Amino acid sequence: MKNASPISRSVSESLFETAKTYFPGGVNSPVRAFRSVEGTPLFIKKGDGCRIWDEDDNEFIDFCCSWGPLILGHNNPKIYSSVMAAMQNGASFGAPTRLENELAELILSRNPFIDRMRFVSSGTEAVMSALRLARGYTGRDKVIKFEGCYHGHVDAMLVKAGSGLATLGTSSSAGVPESFANETLVLPLNDVEALKACIAENKDQIACAIIEPIPANNGLLLQEKTFLLALRELCTEHGILLFFDEVISGFRVAFSGAAEYYGIAPDIVTYGKIIGGGLPVGAYGAKNEIMSHVAPEGPVYQAGTLSGNPVAMAAGIAQLTECAKPGFYEALAEKTNAFVDHINAYAKEKGYNFELVTIGSIFWLSFNGKKRIRRSDEIDSDMTGFKIIHRELLNRGVYLGPSGYEVGFISAAHDPESLTHAANMFCEALDVVFAAQI
Ligand SMILES: *Cc1c(COP(=O)(O)O)cnc(C)c1O
């Protein structure tokens with residue numbers, strides 16, 4: 001077992017102390033606060049390719065990639081020049097620009113599932129808007145959500161399963177009225193019988209069923225395709241819109257996301273993260289029949305001062321142009337598989353109860369050895385191992401997002417040498433984790 005010396009964090013620590021006087025928990029999004037791992041958050045100074053540097057000048061190979069958006073890595077030259085060119089013409093007009101058409105054309109010309117779309121400024125905003133559209137279009141109020149899926153901090157989605165057999169949701173955040181939460185029906189993933197029972201119980205009241213088709217916010221809970229197909233069928237049968245939240249999986253596992261990957265057509269889709277090339281963009285889309293219900297064509301109101309912002313559109317155009325090139329996703333998956341296989345083979349040889357679960361260029365650290373497919377397949381116990389490996393990897397120049405519930409991402413900028421090095425560091429770190437446990 002090789003020990004690595006702890007990294008110096010004094011500058012980050014001092015910045016964090018100051019930040020705590022400005023922001024709750026010292027951060028502008030809770031997971032960044034490092035609460036579920038050890039130490040203080042690293043303040044990042046810059047990124048380039050697959051690497052980032054913190055304010056103490058520590059260098060890391062980055063597998064967080066801003067939690068997914070940076071599929072081309074940091075400081076991509078094409079995104080950079082596209083953004084600078086847009087910026088020279090002004091940051092925002094609140095009027096239509098050619099760039100919105102260009103990004104929409106890039107997406108819609110390759111996407112058989114949606115005819116038209118709306119750009120917004122975050123994944124949360126996309127989900128919130130699309131839920132309203134689903135309700136406005138169907139004239140129904142209830143929505144189905146699956147336990148373990150994350151859909152941003154929308155009131156209706158900050159809901160967990162109620163006690164007992166009831167599918168009525170109960171709010172999982174202070175500030176969400178129970179009366180709102182009660183409109184959300186919470187079901188276990190991958191359970192056709194529970195789905196059927198819920199639909200029967202709430203006949204003609206359910207507007208949509210929202211799901212991360214590749215649930216990647218509470219571990220990587222890969223669904224059986226038969227479940228997704230059954231969900232598609234039941235939705236069609238009962239006039240329920242099938243809502244794929246592809247904020248992570250969109251442009252990640254395939255250009256048109258999990259819908260393309262599985263060959264299952266959703267009725268309504270949300271995108272975020274990768275779509276904006278690292279700038280704040282979200283989007284929702286559907287067939288014309290549904291999209292024509294959005295204002296000003298229809299009665300469902302939705303608007304945004306900075307929606308379709310030209311600088312953000314320019315970043316999205318540059319990024320998605322690369323993603324659309326032939327072989328892009330195949331190359332990314334191949335690289336990811338080599339990385340994952342290297343680490344998994346080592347863990348297996350050593351008899352460690354550890355596996356990287358993967359799909360496309362996503363991976364998740366499982367410390368349990370069992371295939372996990374539902375939130376109720378408890379993953380809390382994995383966090384003990386994660387805490388140690390997170391620390392050990394930081395000490396070895398490898399940055400994972402500071403939460404074991406979240407997945408890691410590999411970008412086009414992760415070169416084979418860096419990946420081999422990082423995989424070796426994973427193996428060393430695993431030795432430390434399992435030395436502590438034996
Ligand atoms: C990240 C995420 C969101 C929320 O997007 P934000 O841009 O953080 O608001 C919604 N749904 C899924 C599936 C996500 O992964």
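Before moving on, here are some points about what is shown:
- Of the criteria (1) in a loop (DSSP other than H, G, I, E, B); (2) of a type outside the set (Ser, Thr, Tyr); (3) under 24 Å from the mean Cα position of the chain (by Cα), which one Gly39 fails: (3)
- Only one of the numbered conditions (1) in contact with a Leu (Cβ under 7 Å, 6 or more places away or on another chain); (2) within 30 Å of Ile379 (Cα to Cα); (3) more than 14 Å from the ligand (Cβ to nearest atom) is not met by Val311, and that is (2).
- Picking from residues in segment 377-407 that are touching a strand residue (DSSP E or B) at 6+ places or on another chain (Cβ under 9 Å) and small (Gly, Ala, Ser), the one that is farthest from Phe146 (Cα to Cα) is Gly397.
- Residue match in segment 91-107 (condition: out of contact with any His (no Cβ under 6 Å at 6 or more places or on another chain) and within 16 Å of the ligand (Cβ to nearest atom)): no
- A single entry from Leu221, Leu229 fulfils the requirement of being in a helix (DSSP H, G or I) and either more than 16 Å from the ligand (Cβ to nearest atom) or crowded, with 23+ Cβ neighbours inside 10 Å (or both): Leu229.
- When Gly169 is tested against (1) out of contact with any strand residue (DSSP E or B) (no Cβ under 9 Å at 6 or more places or on another chain); (2) outside any helix (DSSP H, G or I); (3) away from the ligand (no atom under 16 Å from the Cβ); (4) not polar (S, T, N, Q), exactly one condition is not met: (1).
- In the set Thr420, Thr358, only one residue is at pLDDT 95 or above and buried (at least 16 other Cβ atoms within 10 Å of the Cβ); that residue is Thr358.
- Filtering segment 256-265 to residues that are within 16 Å of the ligand (Cβ to nearest atom) and either open to solvent by less than 10 Å² (accessible area, probe 1.4 Å) or under 15 Å from Gln302 (Cβ atoms) (or both) leaves Ser256, Gly257, Ala258, Ala259.
- In segment 172-217, the residues that are in contact with a Phe, Trp or Tyr (Cβ under 8 Å, 6 or more places away or on another chain) and in a strand (DSSP E or B): Val186, Leu187, Ala207, Cys208, Ala209, Ile210, Ile211
- The condition (being buried (at least 21 other Cβ atoms within 10 Å of the Cβ), in contact (Cβ under 8 Å) with a residue 24 or more places away in the chain, of a type in the set (Val, Ile, Thr) and within 30 Å of Asn424 (Cβ to Cβ)) is satisfied by just one residue among Ile71, Ile114, Ile107: Ile71.
- With respect to the conditions (1) surrounded by fewer than 20 Cβ atoms within 10 Å (Cβ to Cβ); (2) among the aromatic types (Phe, Trp, Tyr); (3) within 30 Å of Met117 (Cα to Cα), Phe363 lacks only one, and its number is (1).
- Here is the figure for segment 19-35: residues that are open to solvent by less than 60 Å² (accessible area, probe 1.4 Å) and hydroxyl-bearing (Ser, Thr, Tyr) total 1.
- Test for Ala209: is it closer than 17 Å to Leu131 by Cα and small (Gly, Ala, Ser): yes
- Candidates Ser121, Ser92, Ser171: the one that is in contact with a Pro (Cβ under 6 Å, 6 or more places away or on another chain) and within 30 Å of Pro30 (Cβ to Cβ) is Ser121.
- Scanning segment 273-299 for residues that are within 16 Å of the ligand (Cβ to nearest atom) and either assigned by TED's automatic domain parsing to the domain that holds Ile362 or on the phi < 0 side of the Ramachandran plot (or both) yields Ile274, Ile275, Gly276, Leu279, Pro280, Val281, Gly282, Ala283, Tyr284, Gly285.
- Residue within segment 400-420 that is farther than 17 Å from Lys335 by Cβ and in a helix (DSSP H, G or I) present: no
- Segment 133-166 - residue that is outside any loop (DSSP other than H, G, I, E, B) and in contact with a Ser or Thr (Cβ under 6 Å, 6 or more places away or on another chain) and, of those, farthest from Thr270 (Cα to Cα): Lys160
- Enumeration of residues in segment 233-248 that are within 16 Å of the ligand (Cβ to nearest atom) and either surrounded by fewer than 24 Cβ atoms within 10 Å (Cβ to Cβ) or not β-branched (Val, Ile, Thr) (or both): Leu242, Phe243, Phe244, Asp245, Glu246
- Scanning segment 292-330 for residues being surrounded by 13 or more Cβ atoms within 10 Å (Cβ to Cβ) and assigned to a helix (DSSP H, G or I) gives a total of 16.
- Members of segment 266-276 found to be within 14 Å of the chain's Cα centre (by Cα) and either free of Cβ contacts under 8 Å to residues at least 12 places away in the same chain or open to solvent by 10 Å² or more (accessible area, probe 1.4 Å) (or both), listed by number: Lys273
- Residues located in segment 112-166, provided they are within 14 Å of the ligand (Cβ to nearest atom) and either of a type in the set (Lys, Arg) or not assigned by TED's automatic domain parsing to the domain that holds Thr97 (or both): Lys145
The values are calculated or read from the model by the stated rules, or taken from the named source; none is laboratory data. Note that the coordinates shown come from a computational prediction; the quantities given were computed from them, not determined experimentally. So basically every Cβ, Gly included, is an ideal-geometry build from the backbone, and we count neighbours across all protein chains shown. Heavy atoms of the whole protein, side chains included, go into the accessibility calculation; ligands, DNA and RNA do not. Shrake-Rupley method; radii C 1.70, N 1.55, O 1.52, S 1.80 Å.
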